[in-house]
Amino acid sequence: MRLMRCAAHGRLIGSAFVVFFVLALWLACGCGFFQAPPCAPSFTLPERDARQAGAMALYAKGILLENNAQGDTNANRQAACEAFRQAVLLDPDNRRPLEALISALTDDERYAEALEVLEPFLARHPEEIELRLEAARLAEAAGRIDDAARHCATLFALRPDERELGHALIRLYFQTGRVPEAMDVMRAIHARFNDAQSAALPVQWAISFTREGPQTAERALACLDLALPLRTNQAERAALLTLAAENRLLLGQTNTAETILLDACRLNPESNTAIMRLGAIWAARPDATNRLASQIHAVPDAYVERLILAATYQALGLNDAAADTLDEAYAWRMRQGYFPSQSVYLWHAALLERTRRIQASERILRCALAAYPYSHELKNFLAYQWAEAGTHLDEADRLVTDALRQQPENAAYLDTKGWILFKLGRHYDALQWLLKAAELDKEEPEILGHVGDVLKAVGHDSEAILFWTRSYRFEPSPAVEKKLRDHNAFPPPPTPNS
């Protein structure tokens, strides 16, 4: 009798599990919750467990619908999405249906909906890293940059050693116009890492904002204000000051820019960048050259002013006067017992070459190499000048080979080497160097033109025309135009995307 009671009790328990299974299936089919009849079993599973079971059944249904290749695919996807949504409603803390719903919405580019689904979960689980990353991506894709920044800020607070998170947060703050917050993140990154990369970060942003023009010049200046105290090297500080002056000019603050540029010149006389910019400023003023000449006569030590006068002449297109002024500045500097900077030598030689005073240019370059015997720039300049003239080719080859030892991947130096070999009659050797130069710098018209010339010399006319055509598109020079006309290839055919 006791055994019979036990068996009956076992059947009763089995029936209860059948009822529970039917309940789960009913939920999965979307029929909702049912009202228990009066004769329902006296025991029930806790509501949480029932919800979890129903959610998993709906999740399984959604997976089946997603993978169903029969019928209307779009309808199946929508039904799967709805099944996942109902599963999330039943069990909002279960990651599997939540991730499936987010994935389905993202596939349909419903980024804002996916974010709305994810936000409540993250509010309850702030420590979830991967899903918060997904929230930041969704927010940005939905154009909700403030929300993207909020999630990224939380992530960076959780993982301050992940530099890329900080970089992303800076970008998002700038996109939303929150410049002080972006500056604070840059400071935090530098305080944590204190390395060259963190010190370069505000400079990179300053360069980017400078390129965008006047509308972002204030942001560039804010970045430079942060960057300058991190630099102790005078040349680096001078470069940053020059960049700051550019932004002052973008804002129409010419007098402030001029003062900053003069400071940059005094910090680093080796660079011509600030001098050339000052020349452009003076060139816009009435009677600029006479006013500068008066200053030079009035000031005993007026070397910088002499350079500015030369730069002003050059900005006005008066290259002969600019070269003459640099001649005077060079002589004055030597009388003082100082060599000009390497950059001034290069500028002087280039102006003399431009005004067709080739022998004077060569003399200046030889003097420059005596003062700076390890300068690869001076060696290449003189070597190329000789290559163009077809003189001193063996010495030119030695000079450019020395320059290439210091900078073996410099396209300009490789071009010089190839052009010297071409002038020496070693056409196939020249072609190897020139093709490498063209590979490194695909948009330099002079290099492309040289490759074309050497290809023509070795009998590959069709390939030569291709290189001349590319050269002409980057810089329509009369010399290249004549070569194309001589080969009945002018005007060049349009580019594929034109």
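The values are calculated or read from the model by the stated rules, or taken from the named source; none is laboratory data. These numbers come from a predicted model, not from an experiment. Quick reminder, even Gly has a Cβ in these numbers, built from the backbone with ideal geometry, and neighbours come from all protein chains shown. In case anyone asks, the SASA skips ligands and DNA or RNA and just uses the protein heavy atoms, side chains included. Shrake-Rupley method; radii C 1.70, N 1.55, O 1.52, S 1.80 Å.
If each DSSP helix of 4+ residues adds -39,500 (n - 2.57) and the sum is divided by the residues in the chain, what number results at 222 nm, nearest 500 deg cm²/dmol?
Helix-only estimate at 222 nm: -24500 deg cm²/dmol.
Once you have the Cα-Cα distance between Arg426 and Arg356, take 0.36 nm times their residue separation minus that, and quote the gain in nm to one decimal.
That pair, Arg426 and Arg356, stretches by 22.4 nm at full extension.
Kindly write out, for segment 401-413 in residue order, the coupling ³J(HN,Hα) from the Karplus curve 6.51 cos²θ - 1.76 cosθ + 1.60 (θ = phi - 60°), rounded to whole Hz, with x marking Gly and Pro.
Values, residue by residue: 5, 4, 5, 5, 5, 7, 9, x, 9, 7, 4, 5, 5 Hz.
Using per-residue counts of other Cβ atoms within 10 Å, averaged over each peptide, order 403-410, 54-61, 95-102 from highest down.
Ranking the peptides 403-410, 54-61, 95-102 by packing returns 54-61, 95-102, 403-410.
When the chain is fully extended, how far beyond the present Cα-Cα distance does Leu251 get from Ala280, taking 0.36 nm per residue of separation?
In short, 8.8 nm is gained.
How much accessible area per residue does segment 88-135 have, in Å², with a 1.4 Å probe?
Per-residue value: 46 Å².
How large is the dipole of segment 376-436 about the Cα centre if only Lys and Arg carry +1 and Asp and Glu carry -1, each at its Cβ, rounded to the nearest 20 debye?
For segment 376-436, the charge dipole is close to 100 debye.
Could you work out how far apart the two model spin labels at Asn290 and Leu228 are, taking each label as a point 7 Å from the Cα in the direction of the beta carbon, and quote it in nm?
3.6
At 0.36 nm per residue, minus the direct Cα-Cα distance, what do Asp441 and Lys482 gain on full extension? Give it in nm, one decimal, please.
Length difference between fully extended and current span is 12.4 nm.
For the chain, with only Lys/Arg (+1) and Asp/Glu (-1) charged at the beta-carbon, what is the dipole magnitude about the Cα centre, in debye rounded to 20?
About 660 debye.
Calculate log10 I(q)/I(0) of segment 305-459 for q = 0.12, 0.13 Å⁻¹, where I(q) comes from the Debye formula with a single equal point scatterer on each Cα and nothing for solvent.
Taking Cα atoms of segment 305-459 as identical point scatterers yields -0.56, -0.64.
With a probe of 1.4 Å, find how much accessible area segment 163-204 has per residue, and write the answer as a whole number in Å².
Result: 46 Å² per residue.
Report, ordered by chain and residue number, the lysines lying within cross-link reach of Lys483, taken as a straight Cα distance under 19 Å and ignoring same-chain residues fewer than 8 apart.
Correct list for Lys483: Lys423, Lys456.
Hey, could you pull the Cα Rg and Dmax for segment 346-424, both in Å?
11.5, 31
Suppose we take every Cα in the chain and form the convex hull; what volume per residue is that in Å³?
272
At R0 = 41 Å, how high is the FRET efficiency between Ile129 and Arg211 if r is their beta carbon distance? Nearest 0.05 is fine.
About 0.75, to the nearest 0.05.
Got a number for carbon plus sulfur as a percent of the chain's accessible area, 1.4 Å probe?
55
Projected onto the charge dipole of the chain (+1 at Lys/Arg Cβ, -1 at Asp/Glu Cβ, origin at the Cα centre), which of Ala244, Ala370, Leu393 gives the Cα projection farthest towards the positive end?
Final value for the positive-end residue is Ala244.
Thr176 versus Ala298, label points 7 Å from Cα toward the beta carbon: distance in nm?
Simple spin-label model gives 5.4 nm for this pair.
Hey, for a label at Ala200 modelled as a point 7 Å past Cα toward Cβ, could you say which residues of segment 260-301 have their backbone N under 16 Å away?
Inside the label zone: nothing.
Cβ neighbours within 10 Å, averaged per peptide: list 174-181, 297-304 in order, most packed at the top.
174-181, 297-304
Between Val458 and Glu47, what is the label-to-label distance in nm when each label sits 7 Å out along the Cα-to-Cβ direction?
8.4
Whole angstrom only: what separates the Cα centroid of segment 432-498 from the Cα centroid of segment 240-270?
Centre-to-centre distance over Cα atoms comes out at 40 Å.
What order, most packed first, do the peptides 233-243, 343-353, 212-222 have when packing is the mean number of other Cβ atoms within 10 Å of each residue?
343-353, 233-243, 212-222
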